[in-house]
Each structure stands twice: as structure tokens, then as C-alpha cells.
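Here the structure comes first, spelled out in C-alpha cells, and everything after it is commentary.
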Amino acid sequence: MDSSMHPYRSVLYIPGSKERGLEKARDLPTDAIIFDLEDAVAPDAKAAARATLVEALRQGGYGYRYKIVRINALTTEWGLEDARALRDAGADAILLPKVNTPSDIDNLSDVIGTDLPVWTMMETPVSVFNAREIAAHRQVTGLVAGTNDLIKDLGCRVRADRMPLWASLQMIVMAARAARIVAVDGVYNRFRDGDGLKFECEQGRDLGFDGKTLIHPAQLEIANTAFAPTNSEIELAGRQIAAYEESRASGQGIAVVDGQIVENLHVVSAQRILAKAQAIREMAAE
Ligand SMILES: CC(C)(COP(=O)(O)OP(=O)(O)OC[C@H]1O[C@@H](n2cnc3c(N)ncnc32)[C@H](O)[C@@H]1OP(=O)(O)O)[C@@H](O)C(=O)NCCC(=O)NCCSC(=O)C[C@H](O)C(=O)O
Ligand SMILES: [Mg+2]
């Protein structure tokens with residue numbers, strides 16, 4: 001599959017220290033994995049987790065799942081060694097936490113080179129203000145909302161509707177869309193609350209995110225469903241494209257489907273829906 005078409009409906013964090021999770025993920029229906037060396041790993045377990053993760057990646061077996069490694073920030077005592085150990089370990093991308101400015105990514109490039117894609121955590125107020133420049137960095141291919149850290153730094157309330165985060169979430173999506181890269185929403189901490197997760201997934205989808213970061217396998221199906229085109233969206237997209245082609249053939253610039261106009265820009269959206277559905281089908285067949 002063309003990597004630019006890869007779906008990111010579900011992006012599952014797995015602590016690098018948890019061998020059972022690293023093993024289990026080889027069979028989980030997750031579009032991408034974030035192998036975590038940062039907040040999910042206790043300070044005295046960092047070195048062992050790094051070695052465990054390098055070995056798991058060497059063994060492979062993660063199939064179609066996009067493999068992202070979240071290292072510790074380079075300003076920590078573990079970051080530099082993480083970057084050195086992981087740059088050639090077989091990951092598809094490195095995820096850098098606590099990014100504030102594009103120069104943080106340049107510092108990482110100095111260690112890992114400029115070929116390996118970099119994703120960035122968007123989890124500080126400064127990163128949100130600099131979102132456009134961070135997303136435009138030549139090595140950055142994905143943004144991940146770090147909503148727990150954002151809530152901590154903003155000093156805002158945790159609300160079910162996430163109102164205090166709306167501005168930040170929209171800035172992250174806008175920056176990603178302007179740079180044509182991936183944007184993934186933050187985690188839902190109450191991992192046994194399916195209804196709450198469904199609400200947040202649908203909200204993130206409606207805001208424009210490609211998918212959601214997750215912390216437990218029980219969350220996968222809800223995210224995979226919420227961020228996939230529905231059958232009725234696929235069916236409507238097909239009819240819109242057909243109707244538009246027909247109207248163009250008869251010299252018209254506009255078609256009407258189900259009482260709504262269809263112009264060339266709507267055709268672009270319809271084509272995107274069909275391409276995403278196709279990419280999901282291809283991935284499932286791998
Ligand atoms: C939250 C957990 C600690 C819960 O773990 P546990 O109590 O073991 O759950 P279960 O017993 O229900 O697990 C059932 C089986 O599923 C496997 N499992 C659990 N979680 C994962 C996972 N994430 N990936 C793969 N497999 C997983 C268990 O091993 C069980 O398997 P089996 O033995 O076959 O029954 C735990 O889920 C967990 O640690 N989750 C990840 C937490 C994490 O990564 N946090 C950091 C990322 S979030 C973050 O940092 C936020 C961001 O930076 C921000 O600022 O917002
Ligand atoms: Mg964080």
C-alpha cells in the first residue's frame with residue numbers, strides 16, 4: 001500500500017517495558033502502534049525497556065501496522081541514548097515528546113539523520129502556537145495531540161465535551177492539513193468506558209483527525225469504526241462522483257444528488273472517502 005494512504009484510525013500505545021503487550025500487538029487490529037519509552041515507562045525501567053523494544057522490533061511480526069517509537073525528550077537523561085538505539089531498529093517513525101519548536105526536531109535529526117520520518121507530540125501550549133512551523137518541518141509526517149499534558153499545562157478542567165481543548169485540537173488539525181500530514185487525537189483515559197470513548201472518537205473525527213491514540217486493546221474496535229467511512233457515506237460518494245461525471249459530460253458544472261449540489265470540490269471529498277475505504281480493505285487483506 002502507498003504509505004501516504006495508510007489509515008491511522010487506531011494508534012495504540014504499548015509501554016516498551018511490557019513484553020506481553022509487545023507480543024500481543026502482533027495480532028491486534030490496530031492501524032499503528034506507538035511503542036512507548038516515555039511516560040508509560042518508569043525511570044528505573046527505561047534502559048531495560050529500550051533493550052526489550054529494540055529486540056521486539058528486530059524480531060518483527062507487526063505486519064501492516066505502522067511502527068512508531070516514542071523516545072524520551074532529548075533534554076532528559078534517556079533521550080539521546082533512545083534516539084541512538086532506535087534510529088536503525090526498524091521503526092517507521094520516531095515520535096518526539098514535549099516538542100516546542102522546529103529546532104527540537106533539528107536536534108533529533110542531528111542524531112537520527114534526516115531520512116527517518118518524525119512525528120511530534122503536540123502537548124505544550126508553545127507547541128500549539130508553533131503548530132504550523134512544526135508541521136511544516138521537512139522531516140515531520142505526523143502530529144499527535146497529547147491531551148493529558150496539555151490539560152496539565154493549561155490548568156484547565158477535564159470536561160466530557162473537551163471544550164477547554166477545542167482551540168488546541170483545531171490548531172493541531174489545521175497545521176497538519178496545511179502541511180498535508182497525519183493528525184491523531186489524544187487518548188481517552190477511562191479505558192473501560194466505551195460510551196465515553198465513542199463520543200470522543202466521533203468528536204475527533206468530526207474535527208478532522210485521522211484517528212485516535214489508544215491505551216488498551218478494548219478501545220480498538222470503537223476507534224476503527226468511528227474513523228472509517230460508513231457504508232452510507234461510501235454509497236453516497238459513489239453516486240456523487242457518477243452524477244458529477246454525468247453532468248460534466250452534458251456540459252454542466254454542477255450535479256444534484258439527494259437534493260444537494262455536487263461541485264468539483266465535493267467530488268474531491270467523495271474520492272477521498274472511497275480511497276480511505278479502499279485502503280482499509282487492502283490493509284485488512286494483508
Ligand atoms: C492501562 C493498562 C495499565 C491496563 O493494563 P491491564 O490491567 O494489564 O489491562 P488488562 O488486564 O485489561 O489487559 C488485557 C490484555 O490486554 C493486554 N494489554 C493491555 N494494554 C495493552 C496495550 N496498551 N497494548 C497491548 N496489549 C495490552 C494485556 O497484556 C492483557 O493481555 P493478556 O495477557 O493476553 O490478557 C494498560 O492497558 C497499559 O499499560 N496501557 C498503555 C498505557 C500507556 O501506554 N500510557 C502512555 C501513553 S498515554 C500518554 O502518554 C498521553 C500523552 O503523552 C498525553 O500527554 O496525553
Ligand atoms: Mg504527554
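The values are calculated or read from the model by the stated rules, or taken from the named source; none is laboratory data. On a predicted model such as this, the values are computed, not experimentally measured, just so you know. As a convention, Cβ positions derive from the backbone with ideal geometry for all residues, glycine included, and neighbour counts pool all protein chains shown. Note: areas computed on protein heavy atoms with side chains; ligands, DNA, RNA excluded. Shrake-Rupley method; radii C 1.70, N 1.55, O 1.52, S 1.80 Å.
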Could you tell me which of the residues Glu221, Glu200 is open to solvent by less than 50 Å² (accessible area, probe 1.4 Å) and not assigned by the TED database to the domain that holds Ile261? Glu200
Residues of the stretch 15-25 being open to solvent by less than 10 Å² (accessible area, probe 1.4 Å) and either under 19 Å from Arg272 (Cβ atoms) or touching a helix residue (DSSP H, G or I) at 6+ places or on another chain (Cβ under 6 Å) (or both), which ones? Gly16, Leu22
Has the stretch 169-177 got at least one residue that is within 16 Å of ligand 2 (Cβ to nearest atom), of a type in the set (Val, Ile, Thr) and surrounded by fewer than 16 Cβ atoms within 10 Å (Cβ to Cβ)? no
Give the number of residues within the stretch 135-158 that are away from ligand 1 (no atom under 16 Å from the Cβ) and surrounded by 23 or more Cβ atoms within 10 Å (Cβ to Cβ). 2
Out of the residues in the stretch 14-50 that are over 18 Å from Leu96 (Cβ atoms), over 22 Å from the mean Cα position of the chain (by Cα) and in a helix (DSSP H, G or I), state the one that is nearest to ligand 1 (Cβ to nearest atom). Arg20
Looking only at the stretch 103-136, count every residue that is free of Cβ contacts under 8 Å to residues at least 40 places away in the same chain and of a type in the set (A, V, I, L, M) and tell me the total. 7
Scan the stretch 265-281 and tell me whether some residue there is over 28 Å from Tyr64 (Cα atoms), open to solvent by less than 50 Å² (accessible area, probe 1.4 Å) and either out of contact with any helix residue (DSSP H, G or I) (no Cβ under 8 Å at 6 or more places or on another chain) or among the hydrophobic types (A, V, I, L, M, F, W, C) (or both). yes
